[in-house]
1. Between the helical axis of 11-20 and the dominant principal axis of the chain, each derived from Cα atoms, what acute angle in degrees is found, rounded to the nearest 10?
2. Simple spin-label model, 7 Å along Cα-to-Cβ: Ala298 to Ser116 in nm?
3. Go through 148-157, 174-183 and give me the packing order, highest mean Cβ count within 10 Å leading.
4. Whenever you get a sec, compute what percent of the accessible area on the chain sits on carbon and sulfur atoms (1.4 Å probe).
5. Is the range 93-223 best put as rounded, prolate or oblate by its Cα gyration tensor, with a ≥ b ≥ c the root eigenvalues, rounded for a/c under 1.5, and otherwise prolate when a/b is larger than b/c, oblate when not?
6. Among the listed pairs Lys19/Lys258; Lys50/Lys323; Lys4/Lys274; Lys92/Lys186, give every one whose C-alpha distance is greater than 23 Å.
7. Based on the Kirkwood radius over alpha-carbon pairs, what value in µm²/s does the Stokes-Einstein equation return for the translational diffusion coefficient of the range 160-208 at 25 °C and 0.890 mPa s?
8. Looking at the square roots a ≥ b ≥ c of the eigenvalues of the Cα gyration tensor of the range 147-271, which shape do they give, rounded for a/c under 1.5, prolate if a/b is larger than b/c, or oblate?
Amino acid sequence: MTNKYCDALPLYRQEFILKRIGAEISRATLAAWMIRCAELLEPIYQALHKLLVEQSQLHADETTNQVLKEPGRAPQSNSFMWVYRTAETLDKAIILYDYQTGRGHQHPESFLSGFSGYLHCDGHSAYKTLSNRNPGIRLVGCMAHVRRKFAEVVKATPKGEKPTRARQALKMIQRLYGIERDIKDKPPSERYRVRQTESSPIMEEMKTWLDRLQPIVPPKSLLGKAITYALNQWSCVVRYLEDGLLAIDNNAAERAIKPVVVGRKNWLFAHSVKGANASAILYSLIETAKANGLEPYAWLRYVLTEIPRLDKGACIEHLLPLKKPD
């Protein structure tokens, strides 16, 4: 489990490694072990899920995840692995993955049932629908995505031409990130104060600039698309100014989704729905353990030794891969 979900080593490679040292264990057996262990560990996943939706702010993202044998679907169909994580400003990190067949709003709506607060996300329409259907969820947009759109304009500009307007946008965004770097280690109240006095005027300047440019820039040009994206996301992007605990972007979720992306490059797909669900659980527990400073192999070995000793319905709080109170 550690080799696959922490170090992205596919089971077929592990099969060859084991064979070299005289242990002939088929990848089918290894896969069955993954699924069985995920079943044993699911109560811990569910306990973390309960704690996750009790938080006041979360991050969310999703990426493709192909599954070969899904009922009623072609093997080439794209499924998705969603990720939800607590804010990096909290002492205890929880990072949970959720396998689903689609990318619609019903999936985060179901997973986040009971959650109320700020949700950091990108511009995917499912999140907007989620927020419209759940007034208690307030979306916090991602300035990194806004910056990325203007950076694409600069990158696509032919040599010899100067993308003056795109660079102007990037300079304003750079000033905002400079402020964030300066207040990174400050308490939330101080971050809020600095954002109100220093970041807010820059955001107002940028909004005025975007409004002035939009009517005169061709909407289908790269610059026009960047401007439209920024304005469409503005009410969410500006929301990080409301609370010193909020983040200027959704990079925390993008970092959390990266292990799935790296793993996918190595094993390409899941064989079955059971395997995809097992991967979601095992990724969740290993990434949560890592985020809390625990060594994944040591934690898995400990918890899989302790679970069989517990009575049915016993408390499992002491097994959660979270930081222990000082």
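1. With rounding to tens, the tilt is 40 degrees.
2. Output for this residue pair reads 4.1 nm.
3. Details: 148-157: 16.5, 174-183: 14.3.
Per-residue mean Cβ counts within 10 Å order the peptides as 148-157, 174-183.
4. Details: 8850 of 16930 Å².
In the chain, the share of accessible area belonging to carbon and sulfur is 52 percent.
5. Details: a/c = 2.13, a/b = 1.36, b/c = 1.56.
Cα axes put the range 93-223 in the oblate bin.
6. Details: Lys19/Lys258 30 Å; Lys50/Lys323 17 Å; Lys4/Lys274 16 Å; Lys92/Lys186 18 Å.
Where the Cα-Cα span goes over 23 Å, the pairs concerned are Lys19/Lys258.
7. Values: Rh = 11.8 Å.
Roughly 207 µm²/s, to the nearest whole number.
8. Details: a/c = 2.02, a/b = 1.04, b/c = 1.94.
Verdict is oblate for the range 147-271.
The values are calculated or read from the model by the stated rules, or taken from the named source; none is laboratory data. Remember, it's a predicted structure, so these values are computed and weren't measured experimentally. Cβ atoms come from the backbone with ideal geometry, glycine included; neighbour counts cover every protein chain shown. Keep in mind that these areas ignore ligands, DNA and RNA; they rest on the heavy atoms of the full protein, side chains included. Shrake-Rupley method; radii C 1.70, N 1.55, O 1.52, S 1.80 Å.
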